[in-house]
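S.K.: First the structure, then my questions, so here it is.
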Amino acid sequence: MVFESMVSDLLNRFIGNYVENLDKSQLKIGIWGGNVVLENLKVKENALSEFDVPFKVKAGQIGRLTLKIPWKNLYNDSVVASLEGLYLLVVPGATIKFDAEKEERYQQEAKQRELQRIEEALQNTARREECF
């Protein structure tokens, strides 16, 4: 069916980086209900690589991905995606890179938050003393 091919191509563009071999045989479309259901998807090994996590996917499976698409109001309503039966086998990344600049920024932000907390506490104490 032409519509299923179009939806399959569109989904490949958006989730093709994360799942392998997405094709229209895995696709079940309920046009009026707004549901697009994909079943038995294999997760790619590099699916999480762009998220800078210290592990990688060795194997993965998604039992069912359901997209609730508001066909009648696409511009105003949200598309809701739900996953059922997500199984991932993850292993530590071969090389965990230490980013000194990122760590320094994190430490600096933590110090700034602590200073902000202390300043707010001092201001609250000063306000309470003014009231008495």
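S.K.: Taking the stated definitions as given, is E130 among the acidic types (D, E), open to solvent by 70 Å² or more (accessible area, probe 1.4 Å) and closer than 20 Å to N35 by Cα? Full working, then the answer.
M.R.: Working: among the acidic types (D, E): yes; open to solvent by 70 Å² or more (accessible area, probe 1.4 Å): yes; closer than 20 Å to N35 by Cα: no.
It is false that E130 is among the acidic types (D, E), open to solvent by 70 Å² or more (accessible area, probe 1.4 Å) and closer than 20 Å to N35 by Cα.
S.K.: With the requirement that a residue be at pLDDT 90 or above and open to solvent by 80 Å² or more (accessible area, probe 1.4 Å), what does segment 89-98 give you?
M.R.: Result: L89, single match.
S.K.: It is to be established whether one or more residues within segment 99-110 are touching a strand residue (DSSP E or B) at 6+ places or on another chain (Cβ under 8 Å), surrounded by 10 or more Cβ atoms within 10 Å (Cβ to Cβ) and in a loop (DSSP other than H, G, I, E, B). I'd like the intermediate steps shown before the answer.
M.R.: Taking segment 99-110 as the starting set, the residues that turn out to be touching a strand residue (DSSP E or B) at 6+ places or on another chain (Cβ under 8 Å) are none.
No: zero hits.
S.K.: Tell me yes or no: at least one residue of segment 73-85 is in contact (Cβ under 8 Å) with a residue 40 or more places away in the chain and outside any helix (DSSP H, G or I). Working first, answer last.
M.R.: First, the residues of segment 73-85 that are in contact (Cβ under 8 Å) with a residue 40 or more places away in the chain: none.
Taking every residue of segment 73-85 in turn, none turns out to be in contact (Cβ under 8 Å) with a residue 40 or more places away in the chain and outside any helix (DSSP H, G or I).
S.K.: For segment 36-65, give me the residue count where each residue is open to solvent by 70 Å² or more (accessible area, probe 1.4 Å) and part of a loop (DSSP other than H, G, I, E, B). Break it down stepwise before answering.
M.R.: Within segment 36-65, the subset open to solvent by 70 Å² or more (accessible area, probe 1.4 Å) is 40, 42, 45-46, 49-52, 54-56, 58, 64.
Narrowing further to those that are part of a loop (DSSP other than H, G, I, E, B): 45-46, 52, 54.
Total satisfying the criteria: 4.
The values are calculated or read from the model by the stated rules, or taken from the named source; none is laboratory data. Everything numeric in this text was worked out from a predicted model, so none of it was measured. Here Cβ is always computed from backbone atoms with ideal geometry, including for glycine, and neighbour counts include all displayed protein chains. With ligands, DNA and RNA removed, areas are computed over all heavy atoms of the protein, side chains included. Shrake-Rupley method; radii C 1.70, N 1.55, O 1.52, S 1.80 Å.
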